[in-house]
Amino acid sequence: MLFGKYIGTIKTNGLYWANPLYKKRTISLRASNFDSERLKVNDKLGNPIMISTILVWRVTDTHKAAFDVDNYENFVRVQTDAAVRKLASMYPYDNFADEGTEEDITLRSSVNEVSEALEKEVEERLSIAGIEVLEARIGYLAYAQEIANAMLKRQQATAIVAARHKIVEGAVSMVEMALEELGKKNIVDLDDERKAAMVSNLMVILCGDKDASPVLNTGTLSH
């Protein structure tokens with residue numbers, strides 16, 4: 001600069017002579033890493049979460065970086081935090097069957113989609129400063145401490161219900177197959193009462209958490 005007037009930028013290597021009255025400023029064109037602090041924000045469902053991002057960026061337009069923003073490095077930090085807060089509010093942390101939502105993209109499981117959305121959001125914000133975003137991704141993601149235990153129990157309950165559903169589904173198929181095979185091979189003639197008793201016993205055995213203790217019946221069904 002010469003008395004407040006922009007003269008130009010030199011990006012090539014070599015030795016140059018310049019007017020001694022020029023005011024010069026060096027701006028690095030190397031790629032830089034930025035690891036944001038862990039922010040406490042609410043996801044799309046309103047659950048408080050802790051989230052941070054890792055950003056790889058570099059200056060491509062030195063004129064914008066020097067004159068269009070006050071401090072381009074601080075601008076990167078502030079705008080990245082703002083982009084992360086907006087992104088977190090757009091997606092749920094995770095999906096639950098009882099939420100009644102069909103949202104497929106979540107912060108926890110949709111890593112590629114969320115990273116693309118974050119990179120686009122940050123790049124739009126930093127373009128005013130002549131900064132190119134090389135990569136943006138979530139570096140840390142977890143529920144906030146006040147709801148972490150409750151959400152862990154909820155996830156465990158969801159897993160237990162899903163496992164029980166599979167167990168019952170398989171048990172019903174096995175009971176149906178057993179009755180069908182007994183009927184085909186005429187091993188024993190079962191009336192409705194005996195079928196009901198057999199179904200009850202098999203379901204208890206197949207769906208129970210503990211090993212079954214066999215009981216030998218030497219009398220009739222009723223005695």
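The values are calculated or read from the model by the stated rules, or taken from the named source; none is laboratory data. Small disclaimer: the values here were computed from a predicted structure and weren't measured. Cβ placement follows ideal geometry from the backbone for every residue including glycine, while neighbour counts extend to all protein chains displayed.
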**Message:** Out of everything in region 9-35 that is touching a Phe, Trp or Tyr at 6+ places or on another chain (Cβ under 9 Å) and part of a loop (DSSP other than H, G, I, E, B), what residue ends up being farthest from residue 61 (Cα to Cα)?
**Reply:** 21
**Message:** Among the residues of region 59-67, are any of a type in the set (Ser, Thr, Tyr), under 13 Å from residue 130 (Cα atoms) and at pLDDT 85 or above?
**Reply:** yes
**Request:** Go through the residues of region 74-83 one by one and say whether even a single one is at pLDDT 90 or above, among the polar types (S, T, N, Q) and buried (at least 18 other Cβ atoms within 10 Å of the Cβ).
**Result:** yes
**Asked** Where residues in region 45-58 are surrounded by 19 or more Cβ atoms within 10 Å (Cβ to Cβ) and out of contact with any Ser or Thr (no Cβ under 7 Å at 6 or more places or on another chain), which of them is farthest from residue 122 (Cα to Cα)?
**Response** 49
**Complete:** Checking 212, 148 in turn, the sole residue that is at pLDDT below 75, under 30 Å from residue 39 (Cβ atoms) and out of contact with any Lys or Arg (no Cβ under 9 Å at 6 or more places or on another chain) turns out to be 148
**Request:** Output the residue which, of all residues in region 64-81 that are among the acidic types (Asp, Glu) and touching a Ser or Thr at 6+ places or on another chain (Cβ under 9 Å), is farthest from residue 120 (Cα to Cα).
**Result:** 73
**Message:** With the requirement that a residue be in a loop (DSSP other than H, G, I, E, B), buried (at least 19 other Cβ atoms within 10 Å of the Cβ) and within 13 Å of the chain's Cα centre (by Cα), what does region 107-130 give you?
**Reply:** 107
**Prompt:** Looking at region 140-152, which of its residues are in a helix (DSSP H, G or I) and surrounded by 10 or more Cβ atoms within 10 Å (Cβ to Cβ)?
**Reply:** 145, 147, 148, 149, 150, 151, 152
**Fill in**
Given (1) free of Cβ contacts under 8 Å to residues at least 12 places away in the same chain; (2) closer than 26 Å to residue 127 by Cα; (3) among the hydroxyl-bearing types (Ser, Thr, Tyr), residue 16 misses just (2)
**Prompt:** Can you tell which of 199, 133, 161 is at negative phi and outside any helix (DSSP H, G or I)?
**Reply:** 133
**Request:** Name the single residue, out of those in region 16-44 being modelled with pLDDT of 85 or more and of a type in the set (A, V, I, L, M), that is surrounded by the fewest Cβ atoms within 10 Å (Cβ to Cβ).
**Result:** 21
**Asked** Could you say whether any residue in region 51-58 is out of contact with any Pro (no Cβ under 8 Å at 6 or more places or on another chain) and under 30 Å from residue 157 (Cβ atoms)?
**Response** yes
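Quick grid of which residues meet (1) over 25 Å from residue 136 (Cα atoms); (2) without any contact (Cβ under 8 Å) to a residue 40 or more places away in the chain; (3) within 20 Å of the chain's Cα centre (by Cα):
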residue	(1), (2), (3)
5	yes, yes, no
9	yes, no, no
30	no, yes, no
39	no, no, yes
52	no, no, yes
71	no, yes, no
82	no, no, yes
